[in-house]
Amino acid sequence: MKIAITGGAGFIGSNLARALTDHPKITQVRIVDNLSTGHKANIAALGIDFVEGDIQNADLLDQAFRGADAVVHLAALPSVPRSVRDPLASHQANATGTLQVLEAARRAGGLHVIAASSSSVYGANPRLPKHEDLVTAPMSPYAVTKLATEAYLGAYHHSFDLPVLPFRFFNVYGPGQRADHPYAAVIPKWISATLAGEPVTVYGDGTQTRDFTYVGTVCRVLVDALLRRIVEPRPVNLAFGTRISLLDLIPEIETATGLVVHQDHVPARAGDVPHSQADSGRLRALFPMVAPMALEEGISTTADWFRASVASAAPS
Ligand code: NAD
């Protein structure tokens, strides 16, 4: 089976590329990525096909999708604050980019398209847990682009019979997620700061909650969806209904690093949702064999990866 991954040089994409190259039933993995937030170093050791460029370039997508059986579409500018600063750039990469991917999948003969939407689409809807049938209420331009992503997949299924599967990722974390950019996510930022002896920045009072999913678990679901060719035009939450406040993450990080976490409280950020927790019923019905990695183990593995990265970057 031959798989194309858009955004494969990024955090989730490079973890998925590794999982696929290790799988006996996968004969080819090809990545298309413009390296806007991803890094070639993430995939250098894998020895797989790499097409460098933008998913808004139709010719480039035709080249990348040639001979493929399926596409995992992960390319996007993945940040709420980035989209608040530059909504047009997020729209072009995420919404227009998705449309280009779907058109290319159609031209390639009707490829299976699995794509990443986001829990941010639930936005201002306060109900918990987040069931896929809840009314969506995006609070940021990023969330709107993700709603467009999943809606386009559904529309291409109904209009053109394209086999699709839109996932709503929640907060994915794990090895390979970088902390060295202004839009970094909370777990890598806090582990990295703690290892460097710096305080962690807490936006608001820290009581906001998130449903964290380990990247290895996300990849197991994606691989299973590819191999069993799961088609579902309705969005599927990819999280397991665990919920923890940011303040409760702190003891987990202290245990994993063996260090004290110092907190620096600053005002809440525009566009951030207060609480998040998935209803995982639809996911569990489609993927009954996949069990999530426990947060404690996932954070410990992530802290080990950060420690090793710091050690390998240190001058000898
Ligand atoms: P990432 O930034 O590490 O990866 C995104 C990749 O897409 C990068 O390699 C980047 O260079 C590439 N890219 C961006 N725009 C592109 C374009 N126009 N053309 C080609 N390549 C482009 O982010 P990630 O955390 O791995 O996220 C992967 C996907 O999952 C994204 O669609 C994101 O919106 C979604 N998602 C992630 C999370 C999470 O917690 N990480 C949560 C919800 C949704």
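Brief remarks on what is shown
- Restricting attention to region 61-76, the residues being outside any loop (DSSP other than H, G, I, E, B), open to solvent by less than 20 Å² (accessible area, probe 1.4 Å) and farther than 25 Å from TYR173 by Cα number 3.
- Verdict on ARG228 being of a type in the set (Lys, Arg) and crowded, with 16+ Cβ neighbours inside 10 Å: no
- Output for region 11-22, where each listed residue is open to solvent by 10 Å² or more (accessible area, probe 1.4 Å), closer than 24 Å to ARG229 by Cβ and modelled with pLDDT of 95 or more: ILE12, ASN15, ARG18, ALA19, THR21
- Of all residues in region 191-206, at least one satisfies being crowded, with 23+ Cβ neighbours inside 10 Å and not hydroxyl-bearing (Ser, Thr, Tyr).
- Hits in region 77-129 - residues which are more than 21 Å from ILE230 (Cβ to Cβ) and part of a loop (DSSP other than H, G, I, E, B): LEU77, PRO78, SER79, ASP86, GLY123, ALA124, ASN125, PRO126, ARG127, LEU128, PRO129
Residues checked against (1) in contact with a strand residue (DSSP E or B) (Cβ under 9 Å, 6 or more places away or on another chain); (2) of a type in the set (Val, Ile, Thr):
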position	(1), (2)
ALA196	no, no
PRO199	yes, no
ILE230	yes, yes
PRO233	yes, no
ILE253	yes, yes
ALA256	no, no
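- Looking across region 29-63, the residues that are touching a residue at least 24 places away in the same chain (Cβ under 8 Å), under 22 Å from the mean Cα position of the chain (by Cα) and more than 10 Å from the ligand (Cβ to nearest atom) come down to VAL29, ARG30, LEU46, ILE48, PHE50.
- Within region 161-184, being in contact with a strand residue (DSSP E or B) (Cβ under 9 Å, 6 or more places away or on another chain) and open to solvent by 40 Å² or more (accessible area, probe 1.4 Å) holds for one residue alone: ASN171.
- Filtered residues of region 161-212 (kept if outside any helix (DSSP H, G or I) and aliphatic (A, V, I, L, M)): LEU162, VAL164, LEU165, VAL172, ALA179, ALA184, ALA185, ALA196, VAL200, VAL202
- Any hit, region 268-285, residues being assigned to a strand (DSSP E or B) and surrounded by fewer than 19 Cβ atoms within 10 Å (Cβ to Cβ): no
- So VAL80, is it farther than 22 Å from HIS112 by Cβ, among the hydrophobic types (A, V, I, L, M, F, W, C), buried (at least 17 other Cβ atoms within 10 Å of the Cβ) and touching an Asp or Glu at 6+ places or on another chain (Cβ under 9 Å): yes
- Filter pass, ARG229 being of a type in the set (Lys, Arg) and more than 27 Å from HIS275 (Cα to Cα): yes
- Yes/no for ALA143 being modelled with pLDDT of 95 or more, more than 26 Å from GLN92 (Cβ to Cβ) and open to solvent by less than 20 Å² (accessible area, probe 1.4 Å): no
- For region 207-225, a residue qualifies if it is buried (at least 16 other Cβ atoms within 10 Å of the Cβ) and either among the charged types (D, E, K, R) or over 30 Å from ALA311 (Cα atoms) (or both), and the qualifying residues are GLN208, THR209, ARG210, ASP211, ARG220, VAL221, LEU222, VAL223, ALA225.
- One residue alone among PRO175, PRO188, PRO233 is at pLDDT 95 or above, of a type outside the set (D, E, K, R) and more than 18 Å from ILE12 (Cα to Cα), and that residue is PRO233.
- Of the residues ALA70, ALA137, ALA104, the single one that is without any contact (Cβ under 8 Å) to a residue 60 or more places away in the chain and under 29 Å from MET1 (Cβ atoms) is ALA104.
The values are calculated or read from the model by the stated rules, or taken from the named source; none is laboratory data. Being a predicted model, the structure only gives us computed values, none of them experimental. Glycine gets a Cβ as well: all are built from the backbone with ideal geometry, and neighbour counts include every protein chain shown. To get the accessible areas, we keep the full protein, side chains included, count just its heavy atoms, and leave off ligands, DNA and RNA. Shrake-Rupley method; radii C 1.70, N 1.55, O 1.52, S 1.80 Å.
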